[in-house]
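What follows is a short report on a single structure.
Bear in mind these aren't lab numbers, they're just calculated from the coordinates by the rules spelled out. Treat the numbers as computed from the prediction; the structure is a model and nothing was measured. Positions of Cβ are generated from backbone atoms using ideal geometry, with glycine treated the same way; all protein chains shown enter the neighbour counts.
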Amino acid sequence: MANQQQDGSLLEAVKTRLKPPPLYKVLLMNDDYTPMDFVVVVLQTVFAMGREKATQVMLQVHREGMGVCGTYTREVAAAKVDQVIDIARKYQHPLQCTMEET
Ligand code: TYC
C-alpha cells in the first residue's frame, strides 16, 4: 500500500477505475418573441461565443426550433441554464433553456 502510494500506482489504479463524469448539453429553445439580437448577446455572454458563432447558433435555433449551446459537466451546465433563464426573465423575454445528458 505504502509502496503503491509512493510510486503513484495506487492513484493511477483509482483513476482508471473511476468513470468520467457525465456530460450535459445545454439546449436553447426557439420562441416567437425573443429578439434575435438579444439571443446573440446571451450566447456571447453566457457561452463565450464570438459574434459570428453566436449568430450561427441563434439562426439554427430560430430555423430548427432548438440548438446546442455547449457541453459541460452537470454543475456548469446547470449554472449556464440558470444564467440564461435569469437574464431572459430580467428583460421579460420568454427565452427558454434546458440541459440534457449526452
Ligand atoms: N424566433 C425569434 C424571432 O424571430 C428569435 C429567436 C432565436 C428566439 C433563438 C429564441 O432561442 C431563440 N425573433
Where the Cα pairs of the range 5-48 fall when distances are cut into 10 Å bins, in %: 19, 27, 14, 16, 16, 7, 0
Along the charge dipole of the chain, pointing to its positive end and built from +1/-1 on Cβ of Lys, Arg, Asp and Glu, which listed residue (Pro22, Gln56, Met99) has its Cα farthest out? Pro22
Under a Gaussian network model of the chain whose springs join Cα atoms within less than 10 Å, the largest fluctuation of Glu12, Glu52, Glu64 belongs to Glu12
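With +1 on the Cβ of every Lys and Arg and -1 on the Cβ of every Asp and Glu, and nothing else charged, how large is the dipole of the range 37-96 about its Cα centre, in debye rounded to the nearest 20?
Details: 7 positive and 6 negative charges, 3 e Å.
Rounded to the nearest 20 debye, it is 20 debye.
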Bin by bin, in steps of 10 Å, what percent of the Cα pairs in the chain do you find, going until the bin that has the longest distance? 15, 39, 19, 10, 11, 6, 0
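As a check on your grasp of the helix formula, calculate [θ] at 222 nm for the chain: sum -39500 (n - 2.57) over DSSP H runs of n ≥ 4, divide by the residue count, round to the nearest 500. Walk me through the numbers before you get to the answer.
Values: 5 runs with 57 residues, N = 102.
Calculated from helices alone, the mean residue ellipticity at 222 nm is -17000 deg cm²/dmol.
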